[in-house]
Amino acid sequence: MSTVSPQPFQVQRNDRPAPDARRAAALAAPKFGTVFTDHMARITWTVADGWGARRVEPYGPLSVDPACAVLHYAQEIFEGLKAYGHDDGSVWTFRPRTNAARFARSARRLALPELSGDDFVESLRALVTVDQAWVPRGEEMSLYLRPFMFASESFLGVRPSQQVDYIVIASPVGAYFPGGVRPVSIWVEREYHRAGPGGTGAAKCGGNYAASLLPQTHGYDHDCDQVCFLDAGTKTFLEELGGMNVMVVYADGTVRTPPVSDAILEGVTRSSILTLLTDAGHEVDEAPVALPDLLEGIASGSVAEVFACGTAAVITPIGRLVGDDFDVTVSDGQAGPVTMSIRAELTDIQYGRRPDRHTWLHRLV
Ligand code: COI
């Protein structure tokens with residue numbers, strides 16, 4: 001950890017913040033990623049000068065040149081974290097240094113400059129301090145933080161951008177899937193892949209999500225909420241859900257999840273769940289999950305539960321798996337007991353209702 005204090009963010013207050021009534025309405029029933037707070041944090045980087053002034057400024061549209069490199073070559077990365085309001089009024093986030101380290105890894109893969117962990121964490125603190133009135137206090141609610149970095153040079157040659165902007169925006173949120181916490185249906189995609197060996201699958205970059213959108217529409221066509229991707233080489237092994245990792249709970253209590261690779265994002269929620277499951281005495285197996293074995297296990301009863309996990313989705317039970325030649329129900333379409341108990345433990349830690357024995361929480365305000 002650095003011993004030098006991070007540079008402070010200079011705050012330019014929004015002189016036209018949302019009226020109290022509009023903010024109260026947004027906080028009462030937040031829909032994921034639809035409403036944004038009054039400010040954003042920002043730092044610009046250039047090859048010549050490195051990272052420039054740290055600032056918090058009014059939230060608003062960016063003025064982007066039509067030749068802006070990100071619009072053409074998608075040199076962009078992002079992160080997702082949440083700020084949780086605790087009963088005593090304090091506001092905390094969860095393992096921000098782990099997100100900062102992943103952001104730096106994503107930056108390396110996308111040939112973007114690395115932001116220090118100190119600047120990353122300080123940008124969250126500075127923004128949430130100014131916009132703390134936007135932290136929702138209701139059940140399952142939080143302030144979703146979206147740090148991102150993009151190539152902002154106006155230049156059409158294909159090479160790493162010589163100017164980059166790092167921005168953090170914040171949005172009050174409830175459950176990611178419409179309808180609250182409920183078992184979701186997953187379309188298992190055989191035709192398209194989001195990532196391949198040596199590609200960008202382990203980086204959190206917009207391009208991976210763009211590649212997931214057409215398959216996701218296949219999911220919608222089959223009345224599914226999300227899509228699960230298989231490995232590009234053999235079309236056999238589960239990788240991830242595009243925006244979430246996937247875990248399988250067996251009847252004997254073992255929990256298996258695909259091992260991280262250059263095609264799977266290393267989820268912070270994923271690693272936290274593996275730790276909590278191990279603490280609770282479950283055998284945890286980071287090993288490939290073959291689709292035929294999974295379907296056979298669901299049919300025979302050896303697979304008891306399947307769930308998705310990620311910052312936005314938290315832990316979401318999976319009640320149905322659909323593919324071009326199967327349609328199966330998992331856990332009778334209900335949320336399973338292991339899924340829901342690990343979910344309760346994780347969210348209790350995040351909201352300050354249970355001891356944080358792994359010191360995962362980081363106070364912002
Ligand atoms: C997150 O879980 O924070 C993500 O970035 C996933 C995205 C699909 C919302």
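The values are calculated or read from the model by the stated rules, or taken from the named source; none is laboratory data. Source: prediction; values computed, not measured. Quick reminder, even Gly has a Cβ in these numbers, built from the backbone with ideal geometry, and neighbours come from all protein chains shown. Just so you know, the surface numbers come from the protein's heavy atoms only, side chains and all, with ligands and any DNA or RNA stripped out. Shrake-Rupley method; radii C 1.70, N 1.55, O 1.52, S 1.80 Å.
Out of the residues in region 120-145 meeting the condition of being out of contact with any His (no Cβ under 6 Å at 6 or more places or on another chain) and part of a loop (DSSP other than H, G, I, E, B), tell me which one is surrounded by the most Cβ atoms within 10 Å (Cβ to Cβ).
V135
Which number in (1) among the charged types (D, E, K, R); (2) over 16 Å from A312 (Cβ atoms); (3) crowded, with 16+ Cβ neighbours inside 10 Å marks the one condition that D225 misses?
(2)
Out of region 5-38, which residues are free of Cβ contacts under 8 Å to residues at least 40 places away in the same chain, assigned to a helix (DSSP H, G or I) and hydrophobic (A, V, I, L, M, F, W, C)?
A21, A24, A25
Quick check on region 140-162. Is at least one of its residues at pLDDT below 95 and in contact with a strand residue (DSSP E or B) (Cβ under 9 Å, 6 or more places away or on another chain)? It would help to see each step written out before you state the result.
Here is the first cut: in region 140-162, the residues at pLDDT below 95 are 140.
Still in the running and in contact with a strand residue (DSSP E or B) (Cβ under 9 Å, 6 or more places away or on another chain): 140.
Looking through region 140-162, at least one residue is at pLDDT below 95 and in contact with a strand residue (DSSP E or B) (Cβ under 9 Å, 6 or more places away or on another chain).
Across region 267-285, what is the number of residues that are closer than 21 Å to F94 by Cβ, in contact with a Ser or Thr (Cβ under 9 Å, 6 or more places away or on another chain) and open to solvent by 60 Å² or more (accessible area, probe 1.4 Å)?
Matching residues across region 267-285 total 1.
What number of residues within region 322-337 satisfy the criterion of being touching a strand residue (DSSP E or B) at 6+ places or on another chain (Cβ under 6 Å) and surrounded by fewer than 22 Cβ atoms within 10 Å (Cβ to Cβ)?
Kept after step one, since they are touching a strand residue (DSSP E or B) at 6+ places or on another chain (Cβ under 6 Å), are these residues of region 322-337: 322-323, 328-331, 333, 335-336.
Checking which are surrounded by fewer than 22 Cβ atoms within 10 Å (Cβ to Cβ) leaves us with 322-323, 328-329, 333, 335-336.
Going through region 322-337 one residue at a time, the tally reaches 7.
Exactly one of (1) under 19 Å from the mean Cα position of the chain (by Cα); (2) without any contact (Cβ under 8 Å) to a residue 24 or more places away in the chain; (3) open to solvent by 70 Å² or more (accessible area, probe 1.4 Å) is unmet by A211. Its number?
Status for A211: all satisfied but (3).
Go through region 150-173 and count every residue that is over 15 Å from the mean Cα position of the chain (by Cα) and either of a type outside the set (F, W, Y) or open to solvent by less than 10 Å² (accessible area, probe 1.4 Å) (or both). Reasoning before the result, please.
Looking only at region 150-173, we keep the residues that are over 15 Å from the mean Cα position of the chain (by Cα), and these are 150-167.
The next check asks that each one be either of a type outside the set (F, W, Y) or open to solvent by less than 10 Å² (accessible area, probe 1.4 Å) (or both); those that pass are 151-154, 156-167.
Final tally of qualifying residues: 16.
Say we look at region 221-241 and pick out the residues that are touching a Leu at 6+ places or on another chain (Cβ under 8 Å), among the aliphatic types (A, V, I, L, M) and without any contact (Cβ under 8 Å) to a residue 60 or more places away in the chain; which of these is nearest to P258 (Cα to Cα)?
L238
How about region 31-67: which of its residues are surrounded by fewer than 18 Cβ atoms within 10 Å (Cβ to Cβ) and hydroxyl-bearing (S, T, Y)?
Answer for region 31-67, where residues must be surrounded by fewer than 18 Cβ atoms within 10 Å (Cβ to Cβ) and hydroxyl-bearing (S, T, Y): T34, T44, T46, S63.
If the Cβ limit is 9 Å and pairs must be 6+ apart or interchain, which residue in region 102-119 that is part of a loop (DSSP other than H, G, I, E, B) pairs with which residue that is open to solvent by 20 Å² or more (accessible area, probe 1.4 Å) and at pLDDT below 95?
Close Cβ pairs (under 9 Å, with a partner that is open to solvent by 20 Å² or more (accessible area, probe 1.4 Å) and at pLDDT below 95) amount to S116/S2; S116/P6.
Scan region 27-49 and tell me whether some residue there is of a type in the set (V, I, T), out of contact with any helix residue (DSSP H, G or I) (no Cβ under 8 Å at 6 or more places or on another chain) and under 18 Å from S142 (Cβ atoms). Walk me through it before giving the result.
Looking only at region 27-49, we keep the residues that are of a type in the set (V, I, T), and these are 34-35, 37, 43-44, 46-47.
If we keep only those that are out of contact with any helix residue (DSSP H, G or I) (no Cβ under 8 Å at 6 or more places or on another chain) as well, we get 34, 44, 46-47.
Filter once more, keeping what is under 18 Å from S142 (Cβ atoms): 34.
So far as region 27-49 goes, yes, one or more of its residues are of a type in the set (V, I, T), out of contact with any helix residue (DSSP H, G or I) (no Cβ under 8 Å at 6 or more places or on another chain) and under 18 Å from S142 (Cβ atoms).
Looking at (1) among the hydroxyl-bearing types (S, T, Y); (2) in a loop (DSSP other than H, G, I, E, B); (3) in contact with a Gly (Cβ under 9 Å, 6 or more places away or on another chain), which one does Y209 not meet, given that it meets all the others?
(2)
Considering only residues that are assigned to a strand (DSSP E or B) and within 14 Å of the ligand (Cβ to nearest atom), look in region 68-83 and name the one that is surrounded by the most Cβ atoms within 10 Å (Cβ to Cβ). First the steps, then the outcome.
First, pick out the residues of region 68-83 that are assigned to a strand (DSSP E or B): 68, 76-78, 81-83.
In the following step, the residues that additionally are within 14 Å of the ligand (Cβ to nearest atom) were identified as 76-78, 81-83.
On the way: E76: 21, I77: 26, F78: 17, L81: 25, K82: 19, A83: 28.
For region 68-83, the residue satisfying everything is A83.
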